[in-house]
Every structure is written in structure tokens, then in C-alpha cells.
């Protein structure tokens, strides 16, 4: 028993290091501001928030300031964790939704941060230090590209050859990419178009989506945010957007792809955030980032920048909850769940989820896991069944996912391996505590003395069935064939399966123990679905494997 418990305890510690759960700012409302976007490890701001020295609104303001002026914030509060490449959208979203909770002086600072690069120069945001180039932006049917004048700094490369039209080639390329992204996500896939920004003070020449090119430095790809005055109306959770992307993508952090490839996946990702703002700007972070990262591969299938996030996903670390959204990239890595859904149910299932999450007047306004569960029910299945199948796919990622083999997807880290035979016929009862929407893999291998007729019985003893236990047993033969058996658990969460275990025929048997619970006490300020407190975390899951 100590063998597996020791390993699982270590894994729990790893998961804990990635999680920062706060209870400040909880609201009894059915739809509240999302949990704050937090760093992987506590920094000066998250510690100040946890201790009550600053409010959630103040923390959101300081976190947004630190995107552009980290030294200024560090001088006041201490070191601030640097953002990941795509964190700015959620950080600025958090600020936009908390404007009303700031003091008048802080609200003025916040508006400066949320201001567009073409707004008057300010020391807080990311405004250009030079005027906008040209008399008007470069506009297509749906999008306008804005760029800074001159050379260097925020200005893009001035090369103008294809076509020679007085507009830098990079600007022309950005417009072509943005219009292609719009055509794919809105025109072909059928998502709601971003809302018009015509009511914003500085809305560009019209209500089209405005995209600004600027030097975002060595860390950020780009972001979308909002200056929609309508968010000041209580109960409003849809908003227009404007976007900012890097003006060259030549910094070392971007070297895995060409500048134009980086521009493409950034716009595919960030544009989908602008789309999401028209459904629910306050939706759970893992749904927003997971589907935006999934969208990159739908629009530009061959670039595959999103594979980098699989190293921080349930595909590799199955014991970390699927909806974990602390800022150590798991919210981006959750794209593999949406890839699983789209490969097994068709890509339209993701749009159906967003239709359920719709917070516009008359919309269902489901939170993330609730929306997914409702859509799966409409397809005649349940979250727990799909989640268990997801665990099977992940164990065989290179065989099941369409890009698994070519993409060299990681395989999950196991939680124990046992050789069973005549001298070691049983594991005895072993136990582990699982968090919601997570699981473990335990492997059993035939010992040298196992004859061809040997069988293995694996007993599963989970918590009550209503608390979310699910189990699968995978039998991997030496021929390469895989058989998957499902546990039929009783009300107490108990079940048993007996499978062939002959050494000449079976390579290994893998037990999947999963906590598929989606039960939450919502609006508690956590990093999980509906900012809720999971109701079934920490319940005991036991198993025993024995030669029979």
C-alpha cells in the first residue's frame, strides 16, 4: 500500500504547487465575475490578496499593470510572476469586469490600461509613442488593421513590395490573415461575429473589429480586451472587443515558427476570444482558453503551436483536474479535451457548448462544465462516460488522436506498476484520494510464472456512485490489440472485472480509476468551474488486483 500511496502523495504535491485557490470576493449571484487569473506559484500580489491587504479588484488592476510595467508594481509590492504568452487577455478581462469595484482614482488608471494604443499617450497602458500611420487604417470587409508610423519601436517593418500600395507588407499580411480567420470561424464554422464597438469612445473608423500592431516585447503573443461602456450596466456579460498583436514576432521566444505562422495562430486564438466576448465575457477561464487554443488547430491545422501546452495538460498529468485554471498553462492544455470531443462527436459540438454558455439576453447562461454536460446529454451520453473514454484515449494518445503519432503526443504518467504471478498473486487493497474530473492509471504485468490460462481479477471500490466514480480496464495484448472493459458499478461504487492474463498473450492490463464528478458549490472564488468548491474531492478510491 505504501508504494502507490507514496507516489500519489507526491503527485498531489505537484498538483498543489500549480494551484492557488482564493475565497475572497465570492458572490451569491448566479453569474459573477470569474476567478482571477493567477500565477503558477504565489507571488507578491496573490499573497497580498490572500492576506486581505488588497481586494480582488485591486489585485486585478495591479496584475494588469504588471503586464506592461512589472518593475513599477514590483517596487510597490515585491516581485510579480511574469505572464505566460497568452495570459494578457484573461488578465485584462478580469480588470474590465471589476471596474465598478475600484476607487475613482484606481478606475482612472484601469481605463488607461484598457485604452487602445491610438488613445492619448499614458504611462499605464501600452500606447504608441508615435502617431498612427496613414490617414486611416487598412480595412477589409470585417476587420481594420492599425499600425504605428515611422520605423522601429511599435512600427512594423516598412517593407512594401507585395503589393506596392503604400502599406507595409506585414500590415497587408495581418489583414489577410485576420479576414481569413473571420471567414473560417464566423463564416464557415458559424460562430457569432464579434460585437460592434461603435459605442466605444475610440472605435476606429466604424464598428468593425480593430486590430493594433505593436511591440509587445519578449513575452506576449497578443491579446484582445474591451473598452465597451455597456459593461457598466449591471447584469451585462457580453461585450465588444479590440485586439493587439505583436508587430513582428521576431523575439527568441517565437523561434519555433516563422513570424507569419505565429501571427496566424495568434489571430486564430485571440479572435476567438473576441467571439467569446459576444457569448459570455465572464465565462470560466478553462473553457475560454481551452477552446481558443483548440481553435488554433482548426483554422491553421499544420502549424501546431498548441502542442506545446500538452506538457501541462491532463494528457500528461491525469490527476490534476481538467478544469484547473491557475496560471501554469493547464487552462491552455485543456484544449486536448475539446479535441477529443470534436474528434468523437464532430467539431460542431464546441459551438453547441458555447450556445449553452451564452449569457446574452435570453441565453441559457450555463457555466463551463454545466454547458458541456447539457450538450452531452442532448447527444445521448453523459459527462462521466465521455470523461472515462477520454482517459482511454489519453492512455493511447498516439493511436487514437488523428495527430497523436505525428505530433508525438505525451503519454500519461502512471501511478503504479505491479508484476503479478505465482509468487506475488495480489496487490492487496490499495487506496488513493482523487480530485474531481481527474484520474490515475495503474498497470499490471504478467510475471514469468504465469501460464497461458492465467486470469486477473481487478476489484474497484470507489465512493458512492452519485459522487462520480468511473472505472475502465484496458487489456493490451502482445499482438497490439486493445480491449477496453467498463466497470458496472453499484450504488456503493463497487465493481469487479476478470480478464485474461496469460503471459504469452497479454502484455499488460491497465486500470483507470476516474473521479468524473461535476458537482460544485458555485461562486466560491476558486479556479475551477463556476469558481466553485468541488463537492467530491478527496474521496477514497480503492482497488485490489489478484491472480485468479
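Since every read-out is calculated from the coordinates, none of them should be taken as a lab result. Quick caveat: nothing in here was measured; it's all calculated off a predicted structure. So basically every Cβ, Gly included, is an ideal-geometry build from the backbone, and we count neighbours across all protein chains shown.
Taking the highest mean first, how do the peptides 419-431, 240-252, 93-105 order by number of other beta carbon atoms within 10 angstrom per residue?
Numbers: 419-431: 14.2, 240-252: 20.8, 93-105: 18.3.
Sorting 419-431, 240-252, 93-105 by mean packing, highest first, produces 240-252, 93-105, 419-431.
Summing -39500 (n - 2.57) over the DSSP H runs of n ≥ 4 in the chain and dividing by its residue number, what mean residue ellipticity at 222 nm do you reach, to the nearest 500 deg cm²/dmol?
Values: 15 runs with 169 residues, N = 548.
That calculation yields -9500 deg cm²/dmol at 222 nm.
List residues of region 504-534, by number, whose backbone nitrogen lies under 13 Å from a label position 7 Å along Cα→C-beta of residue 478.
Counting backbone N atoms under 13 Å from the label point, the list is 504-508.
When each pair of different Cα atoms in region 387-483 is counted once in the 1/r mean, what is the Kirkwood radius in angstroms, to one decimal?
Details: mean 1/r = 0.0641 Å⁻¹.
It is 15.6 Å.
Can you give the alpha-carbon Rg of the chain over 2.2 N^0.38 Å, where N counts its residues?
Numbers: Rg = 25.1 Å, N = 548, 2.2 N^0.38 = 24.2 Å.
Rg over 2.2 N^0.38 Å, computed on Cα atoms: 1.04.
Provide the gained length on full extension for the span residue 519 to residue 379, in nm with one decimal, where the gain is 0.36 nm per separating residue minus the Cα-Cα distance.
On the way: separation 140, 0.36 × 140 = 50.40 nm, distance 2.05 nm.
Between residue 519 and residue 379, full extension yields an extra 48.3 nm.
Taking Cα pairs under 8 Å and at least six residues apart, what relative contact order does the chain come out at, in percent?
For the chain, the relative contact order is 14 percent.
Can you give me the Rg/Rh ratio for region 320-370, using Cα atoms for both radii and the Kirkwood formula for Rh?
Taking Rg over the Kirkwood Rh, I get 1.02.
Given points 7 Å out from each Cα along the Cα-Cβ axis, report the residue 455 to residue 546 separation in nanometres with one decimal.
1.4 nm
With everything on Cα atoms, drop me the angle between helix 383-395 and the longest principal axis of the chain, reported from 0 to 90° to the nearest 10.
The angle comes out at about 80 degrees.
When 1/r is averaged over all different Cα pairs and the result inverted, which Kirkwood radius in Å belongs to region 417-547?
On the way: mean 1/r = 0.0642 Å⁻¹.
Its Kirkwood hydrodynamic radius stands at 15.6 Å.
Please report the spacing between the Cα centers of region 163-208 and region 387-403 in Å, no decimals.
Centre-to-centre (Cα) distance: 36 Å.
Sort all Cα-Cα distances of region 442-516 into consecutive 5 angstrom bins from zero, then give the percent of pairs in each bin up to the one containing the longest distance.
Cα pair-distance distribution for region 442-516, in percent: 4, 17, 26, 20, 14, 10, 7, 2, 0.
For residue 186 paired with residue 398, estimate the spin-label separation in nm (one decimal), with each label point 7 Å from Cα along the Cα-to-Cβ line.
A separation of 4.2 nm, rounded to one decimal place.
Can you give the angle from 0 to 90° between the axis of helix 348-357 and the longest principal axis of the chain, with both taken from C-alpha atoms, to the nearest 10?
Tilt relative to the chain: about 70 degrees.
Region 118-282: D in µm²/s via Stokes-Einstein (Kirkwood Rh, Cα pairs, 37 °C, 0.692 mPa s)?
Values: Rh = 16.2 Å.
It comes out at roughly 202 µm²/s.
Using the Cα atoms of region 35-114, I'd like the radius of gyration and the largest Cα-Cα distance, Dmax, both in angstrom.
Gyration radius and largest Cα-Cα distance of region 35-114: 11.3, 31 Å.
Hey, what angle do you get for helix 2-17 against the long axis of the chain, alpha-carbon based, 0 to 90 degrees rounded to 10?
In the chain, helix 2-17 runs at an angle near 10 degrees to the longest axis.
For region 38-186, how big is the tail of P(r) above 17 Å, as a whole percent of Cα pairs? Before the final figure, lay out the partial values.
Details: 7615 of 11026 pairs.
That fraction is 69 percent.
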